[in-house]
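Q: One structure, pasted below without further comment.
The values are calculated or read from the model by the stated rules, or taken from the named source; none is laboratory data. Since the structure is predicted, the reported quantities are computational estimates derived from the model, not experimental observations. Keep in mind that these areas ignore ligands, DNA and RNA; they rest on the heavy atoms of the full protein, side chains included. Shrake-Rupley method; radii C 1.70, N 1.55, O 1.52, S 1.80 Å.
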Amino acid sequence: MHLSLSRAPGLVVAAVSTAGPVGVDVEPAGTAGFPGFEDVAAHPQEGSADPTVRWVRKEAVLKATGWGLAIDPRGVRVDDGPRLVSWDERLPAPERCWLADLPVTEGYVGAVSVIRPADARDGLPQDSPSW
């Protein structure tokens with residue numbers, strides 16, 4: 001069993017998984033829209049999607065891998081799929097990464113990620129994006 005927690009003012013989210021390591025993140029909408037955020041957290045090829053949405057997706061993946069912020073988030077690229085597109089090439093990439101946006105309370109954004117072993121028979125949705 002794997003567990004991940006995330007807190008934001010007024011909200012706590014927990015994700016539990018038996019499918020593989022899990023990561024979850026939740027933030028108040030718009031919190032990553034401050035000057036300088038892109039310089040410390042954005043991959044150079046990430047699109048123009050809401051920076052807070054990109055951030056919760058990225059942090060969910062980083063938590064699921066177990067690396068967290070020990071990895072420079074600029075080396076991790078996510079897209080609007082949502083999907084993990086690329087990973088810091090100096091480190092072993094997660095074999096299969098499932099990533100989804102969470103339907104959280106209005107005024108917040110959230111994402112959850114599960115890392116799956118290559119040989120896993122999964123209970124994850126068949127249309128799950130994988131990398």
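Q: Amide H to amide H under 5 Å from S86: which residues, 5+ apart in sequence or cross-chain, H placed 1.01 Å off N in plane?
A: R77
Q: Name the residues whose placed amide hydrogens come within less than 5 Å of the amide hydrogen of R96, ignoring near sequence neighbours (fewer than 5 apart) on the same chain.
A: R116
Q: Provide the per residue accessible area, probe 1.4 Å, for the chain, rounded to a whole number of square angstrom.
A: Result: 54 Å² per residue.
Q: Can you give the calculated 222 nm mean residue ellipticity of the chain, where each DSSP H run of n ≥ 4 adds -39,500 (n - 2.57) and the sum is split over every residue, rounded to the nearest 500 deg cm²/dmol?
A: Estimated from H runs of four or more residues: -4500 deg cm²/dmol.
Q: Here's a follow-up. With springs only between Cα atoms under 10 Å apart, run a GNM on the chain and tell me which of R74, R57, R83 wobbles the most.
A: Maximum among the listed residues: R74.
Q: Accessible surface of H2 in the full protein assembly, 1.4 angstrom probe, to the nearest 10 Å²?
A: That residue has around 70 Å² of solvent-accessible surface.
Q: From the backbone phi of the range 75-90, what are the Karplus-calculated ³J(HN,Hα) couplings (6.51 cos²θ - 1.76 cosθ + 1.60, θ = phi - 60°) in whole Hz, Gly and Pro given as x?
A: So the J values, rounded to whole Hz, are x, 10, 10, 10, 10, 7, x, x, 7, 7, 9, 8, 9, 3, 5, 7.
Q: Related question: Once you have all Cα-Cα distances for the chain, histogram them in 10 Å bins from zero and send the whole-percent values.
A: Percent of Cα pairs in each bin: 13, 48, 33, 6, 0.
Q: With θ taken as phi - 60° and the coefficients 6.51, -1.76 and 1.60, list the Karplus ³J(HN,Hα) couplings across the range 12-18 in order, rounded to whole Hz; mark glycine and proline as x.
A: 10, 10, 10, 10, 10, 9, 9
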